[in-house]
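Asks: Questions regarding the structure given below will be posed in turn.
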Amino acid sequence: MDHDEMRRLLRQRPFQPFRVIVGDGRTFEIRHPGMNLLAPWYINIGIPAPELTAPICDHTEFVPLSLITAVEPLPTVAPPTTP
């Protein structure tokens with residue numbers, strides 16, 4: 001994965017959540033682009049706090065861009081409709 005492609009994924013509007021697949025078998029879901037820090041050679045991926053409903057970062061995972069083997073789109077959650 002190169003920096004420009006990751007930046008494009010994080011900045012697309014409307015935002016499309018995606019999964020990052022790392023060569024060592026780890027996967028990360030990126031649903032909130034503002035919780036991530038993209039640098040020229042790595043990304044710090046924000047991991048949401050599981051017990052909180054708002055997108056609040058619990059911790060980050062350091063992932064060199066060169067170790068990302070694939071990204072795949074995640075389904076978006078449609079807002080609830082009222083009858």
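The values are calculated or read from the model by the stated rules, or taken from the named source; none is laboratory data. Here the structure is a predicted model, which means the values were calculated and not measured. These accessible areas exclude ligands, DNA and RNA; they are computed on the full protein's heavy atoms, side chains included. Shrake-Rupley method; radii C 1.70, N 1.55, O 1.52, S 1.80 Å.
Asks: On average, how much accessible surface per residue is there in the stretch 1-43, in Å², for a 1.4 Å probe, leaving out ligands, DNA and RNA?
Replies: On the way: 2660 Å² over 43 residues.
Ligands and nucleic acids excluded, the figure is 62 Å² per residue.
Asks: In nm², what is the average projected area of the convex hull enclosing the Cα atoms of the chain? Don't skip to the answer; put the middle values down first.
Replies: Numbers: hull surface 25.2 nm².
Average of the hull's projected areas for the chain equals 6.3 nm².
Asks: Let me ask something additional. Would you calculate a helix-derived [θ] at 222 nm for the chain, using -39,500 (n - 2.57) for each DSSP H run of n ≥ 4 and dividing by the full residue count, to the nearest 500?
Replies: Numbers: 1 runs with 9 residues, N = 83.
One gets -3000 deg cm²/dmol as the mean residue ellipticity at 222 nm.
Asks: Further question: Return the single residue from 65, 52, 38 with maximal mean-square fluctuation; model: Gaussian network over the chain, springs between Cα atoms under 10 Å.
Replies: 52
Asks: Which whole-Hz couplings ³J(HN,Hα) result when phi for each residue of the stretch 44-60 is put into the Karplus expression 6.51 cos²θ - 1.76 cosθ + 1.60, θ = phi - 60°, listed in order with x for Gly and Pro?
Replies: My calculation for the stretch 44-60 gives 9, 8, x, 9, x, 5, x, 8, 10, 7, 6, x, 10, 6, 7, 7, 10 Hz in order.
Asks: Using a probe of 1.4 angstrom, how much of the accessible area of the chain is carbon and sulfur, in percent? List each step's numbers first, then the result.
Replies: Numbers: 3290 of 5590 Å².
Carbon with sulfur: 59 percent of the solvent-accessible area.
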